[in-house]
Structure formats: structure tokens, C-alpha cells
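The values are calculated or read from the model by the stated rules, or taken from the named source; none is laboratory data. As the structure is a computational prediction, the values presented were derived from the model and not from experiment. No Cβ is skipped: glycine too gets one built from the backbone with ideal geometry, and neighbour counts run over all protein chains shown.
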Amino acid sequence: MAGLIDPSTSLDTSEVANDETAQFLNTTLVNNPTIAFPDYTLGLAYEYNYSPSYSVIAVLGSSNGLADNPNASYSQLVDITDNGKGVFAGFENQWHMTSIRFALGGWVNSADHEKLNGSGHTESNYGLYTTIDGNWRRAVWNLRLGFANDKVSRAEDFQSVSVEYPFVQAAIGAGFSRTGISGKTVSANEADATYTSEVYLRFRANDKFTVTPSIQWMKDVDISGDVLRKKHNLAILSLRLSHQF
């Protein structure tokens, strides 16, 4: 696959926690926040199946996607040699077993990331991650772990668990995540970690419409994303209506 791609559709994927249109809305239950994915970037993705039980995936692209540039313009997107830009590269191994899919990957984003200590110096961001999908009876579950360069990445480490249980015309899902905040930050008001959880119920209203109410709880977060304030908690109620045609 080559062109304008979304690397998160090739790396860190999950059957139960990867689709914000039908599953979890919270971004930490869609993709691992320690991975510095570019947002719709010029690049290529390649998958090779060595056997029914083992495959590899490689992704190479620009470090800055469409939404990562100041003007979010296509002219900035194609200017891949602009100052401060680099490459995003990721590699993932997948093992497929009877009831478990295990993936282990690594990535690097070589754009100029400013260090969190306030020195003004820059450094590349990089990390390791794993995602595991499994089945237990009718339930499908996912476990994610991740680590990033704590000198430049505010999200230093990550852990999440999620599960979905289907019924005849419905499914219920629940997930919990913890994101560890780098100790290299200069702000004393930041929390050591943020916590999120979400529960949703997806059911078919008829042959064409699906309704999904959900509730999210977030601890030690600021909805603006600028400052992670201690003891700042949020509850968000949502309702999705999907039409299939």
C-alpha cells in the first residue's frame, strides 16, 4: 500500500479496540498513545505472511502527516524535506495462534522533537509496543503495552485492557487504560499518570441503524490536552447513530 496512508491502520491494530466508529471513542482505547503516529502521511506499508501463523508488517513514511503541519495543507504535506521533518518507520511481528494474536513492534519518528526539560534541544522519538488479541468463549479481549523516549514524549509508558462481549443483536464493551507521564517535564502541576475508562452498548435498532450509547471516565486530565492537572476528572456521555447502506 502506497500513497496517502494512515500508519495506525497497519500497526498496533486490534479486533476489539481499533474502530472509533463502532467500538471505543476514547483515543487511548483505539491506538497506543506512546506511538508517535503521523496523521495521514505520504508513505508505504508492506505486509508479508511467512506462514499462516507468522507475518511481518513494515511502514515507512514522512514524520509529518496532513494534520501535523501548521496549516494542515497538502502543500506542506508533500514538502517532506522541510526543516524539522524526518521519517516515521515502524516494524511489527505478528504471531497467530488458535485463540490469540500476539504482535510486537518498534518504531522511530526522526522529526525534531523538543526535549521536555525546557532546554530547547531536540531529539528523535522512538519506542516499543505490544498488542495482544484473544478470545474467551464469546468474548474478545485486547491488551496493549507501550514505551516511548521519555526525554521528548509526554506519554512515557502505557497499559490498557479492553473486552467486548456480543449478544444476538448487540454487544457490550469495556476498557481501561493508564498513561504514564514522563518525569522529564518541567511543569510541577502535572500528574504522574492519567487514567481513562469507557463502557459502551452497541445494538441494532433495525436492519439499517445501529445505536451506541457510551460513557467515559477520565482521571487527572485536562480536556484541552495542554496541561495534565492533578485531580482533574471528567465524565463524558456519548451517543452514536450509524446508518449502513
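Within the range 31-49, residues that are over 23 Å from ILE80 (Cβ atoms) have Cβ atoms under 6 Å from residues that are surrounded by 23 or more Cβ atoms within 10 Å (Cβ to Cβ) and β-branched (Val, Ile, Thr) in these pairs: PRO33/THR179, counting only partners at least 6 apart in sequence or on another chain. Within the range 16-37, if we keep just the residues that are within 17 Å of THR212 (Cβ to Cβ) and either acidic (Asp, Glu) or under 10 Å from the mean Cα position of the chain (by Cα) (or both), the residue that is surrounded by the most Cβ atoms within 10 Å (Cβ to Cβ) turns out to be ALA17. The selection criterion, being in a loop (DSSP other than H, G, I, E, B) and either in contact with a Cys (Cβ under 7 Å, 6 or more places away or on another chain) or within 14 Å of TYR129 (Cβ to Cβ) (or both), does not hold for ALA22.
Among the listed residues SER51, SER110, SER62, identify the single one that is over 20 Å from the mean Cα position of the chain (by Cα), polar (S, T, N, Q) and over 30 Å from MET218 (Cα atoms). Break it down stepwise before answering.
On the way: SER110 fails: over 20 Å from the mean Cα position of the chain (by Cα); SER62 fails: over 20 Å from the mean Cα position of the chain (by Cα).
Sole residue among the options that is over 20 Å from the mean Cα position of the chain (by Cα), polar (S, T, N, Q) and over 30 Å from MET218 (Cα atoms): SER51.
Assess whether GLU164 counts as being among the acidic types (Asp, Glu) and either touching a Cys at 6+ places or on another chain (Cβ under 8 Å) or under 30 Å from PRO52 (Cβ atoms) (or both). In short, yes.
Taking the listed residues ILE57, ILE35, ILE100, ILE5, the one that is farther than 28 Å from VAL161 by Cβ and of a type outside the set (S, T, N, Q) is ILE5, with no other qualifying.
Residues in the range 101-120 that are of a type in the set (A, V, I, L, M) and modelled with pLDDT of 95 or more: ALA103, LEU104, VAL108.
Do you know which of the residues in the range 167-196 that are touching a residue at least 60 places away in the same chain (Cβ under 8 Å) and assigned to a strand (DSSP E or B) is farthest from ARG240 (Cα to Cα)? Restricting to residues being touching a residue at least 60 places away in the same chain (Cβ under 8 Å) and assigned to a strand (DSSP E or B), the top hit is THR179. Taking (1) at pLDDT 85 or above; (2) surrounded by 15 or more Cβ atoms within 10 Å (Cβ to Cβ) in turn, VAL221 satisfies each apart from (1). Name, by its number, the condition in (1) at pLDDT below 95; (2) among the basic types (Lys, Arg); (3) under 19 Å from ASN26 (Cβ atoms) that does not hold for ARG144. Single failed check for ARG144: (1).
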